[in-house]
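In what follows, a structure is listed as structure tokens, so that the remarks can point back to it.
Every number in this text was worked out from the coordinates using simple rules, so none of it is lab data. Every value quoted in this text rests on a predicted model; they were computed, and no experiment measured them. In this analysis, Cβ positions are derived from the backbone assuming ideal geometry, glycine residues included, and neighbour counts consider all displayed protein chains.
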Amino acid sequence: MRLGGRLRRLIEANHSLADMESLEELLPRLLELAKDVTGAEASSVMLYNPRRNVLEFASVKDEVVSENVAEILKSKVELRMGEGIAGWVAQHRKPVIVTDVQGDPRFFKGADKQTGFVTKNLLCVPLAHRYELLGVISVLNVKGKPCFDSEDQELLESFANLAAVAIIRSRLFETRIKEERLEAKLEAAAKIQALFWPRLPEELGVGSKVWAVSIPAAFVGGDLYDVIPLPDGSWLVYVGDVSDKGLPAALVMASLSTKIRSEALLHRDVDRLLESVNNSMVDLMAAEGFFATLALGRYWPGAGRLEMSLAGHPPPLWIVGDHLRPVPELRGISLGMAYAVTYGKKEIRLSPGESVVFVTDGVTEAENERRELFGQQRLLEYVRKGVGPPWGTGLLDAVNAWRGGAEASDDITLLEIWRDRG
């Protein structure tokens, strides 16, 4: 084929490669075009695996090799850097023309042995994008002349440049498809997680009300809360925070939520309930390196009485008028860290107009665009200047205003119980 015709084929190859986005579709077409441009009997491409530092057969094209044999090459033949002629080209990032392949000491005979193909001469060039090695492309046994020449080499190098761009584009496309699929799965996971949030009653009874919200930093998060009615008219309430965030934390959150619900009616005292839940969760959490903090309470609306127990969690905010009233000190390690842990129990009583707000640390540790924390002082300032009860929605607005355009650094959960003013 004359040079003008071969250049036209090169231009046609560029257009053809530009239309393909899947690597699986691209490689066979790439090799067909490489054969066509250089007038070779066969062609192959080996892609570089940087994790293993080897070249792996990705595709083979000729009139003899069947699909089955091609699959054998992909599964059984690989070259270390510097091994074989292809390994030499990859290592040195230089093209090579070999006129007598069988007599070249670098030649790796394993591929011919697997396929039955006899390689007589070859031209091999590196596939690279900028400084990144992608692999090598080889054309074998030129037709119509004794061996490949410098013109063939220039054409194949030009073709390899086009192919490298096409491979990079294909990988970017496949990455984008994977990201879109992952995003769809995460959106589905977020919808599933939303099913765990309880439907809050309009009121708990006798002028007591409740409000809660949980906002994950990503699609799904590790925070949890619940409001569970008990047979004597009291309510079990809690806010928790599983270490880490994202999908793994959300799965642990779901397990912990289910466990608390299943044991809520078995233990009258909140400290005993925490101890039982902890013993049930140690194996699951410790094996994967997770733990969870939890603030658990049992509330009797008629008396405004709240029994509390803490497992490594910040104490709730007891808001009286325009200030915070100290909550009795409670100690207890996080859930999932050890067996046979004991937890303390304390009691407070809400008067009409008072509120208790359970929060996760995503509230005080919310960061603005300068990486500054919302902090305890701004929380106190909000209570001093705000109007409530309820306080939760205003506190959430204050945290969001503080964050501005900064991405959420942690999940945020608030649960508020208050008594209407008399």
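Could you pull out which residues in the range 266-304 have an amide N less than 20 Å from a spot 7 Å beyond the Cα of residue 338, following the Cα-Cβ vector? What the label zone holds, given the 20 Å backbone N cut-off, is 271-295. Based on DSSP H segments of at least four residues, each scored -39500 (n - 2.57), the chain has a per-residue ellipticity at 222 nm of -12500 deg cm²/dmol. Just going by the charge dipole of the chain, with Lys and Arg at +1 and Asp and Glu at -1 on Cβ, which of 208, 45, 324 is farthest out on the positive end? Going by the charge dipole, the pick is 45.
Label zone (residue 100, point 7 Å along Cα-to-C-beta; backbone nitrogen cut-off 15 Å) within the range 116-139: 120-122.
At 0.36 nm per residue, minus the direct Cα-Cα distance, what do residue 230 and residue 147 gain on full extension? Give it in nm, one decimal, please.
On the way: separation 83, 0.36 × 83 = 29.88 nm, distance 8.77 nm.
Result: 21.1 nm gained on full extension.
Sorted into 5 angstrom bins from 0, the C-alpha pair distances of the range 188-419 split as 1, 7, 15, 19, 21, 18, 12, 6, 1, 0 percent.
Residues 147, 124 in ascending order of nearby Cβ atoms (within 10 Å, fewest first): 147, 124.
Extension gain, residue 351-residue 81: 0.36 nm per intervening residue step, less the Cα-Cα distance, totals 89.5 nm.
Here the range 258-385 is treated as a sphere whose radius is the Kirkwood value from Cα pairs; by Stokes-Einstein at 25 °C and 0.890 mPa s it diffuses with a coefficient of 152 µm²/s.
Hey, with R₀ at 60 Å, roughly what FRET efficiency would residue 384 and residue 165 work out to, going by the Cβ-Cβ distance, to 0.05?
Working: r = 62 Å, r/R0 = 1.03.
With R0 = 60 Å, the Cβ-Cβ based efficiency is 0.45.
Were the residues from residue 262 through residue 177 laid out at 0.36 nm apart, the gain over their Cα-Cα distance would be 26.6 nm. Ranking 340, 415, 101 by Cα position along the charge dipole of the chain, where only Lys, Arg, Asp and Glu carry charges on their C-beta atoms, puts 101 farthest toward the positive end. Think of the chain as having a plus end and a minus end, set by charges on the Cβ of Lys, Arg, Asp and Glu; of 91, 401, 278, 91 sits farthest toward the positive end of this dipole. With neighbours defined as other Cβ atoms within 10 Å of a residue's Cβ, the residues 244, 283, 223 order from fewest to most as 283, 244, 223.
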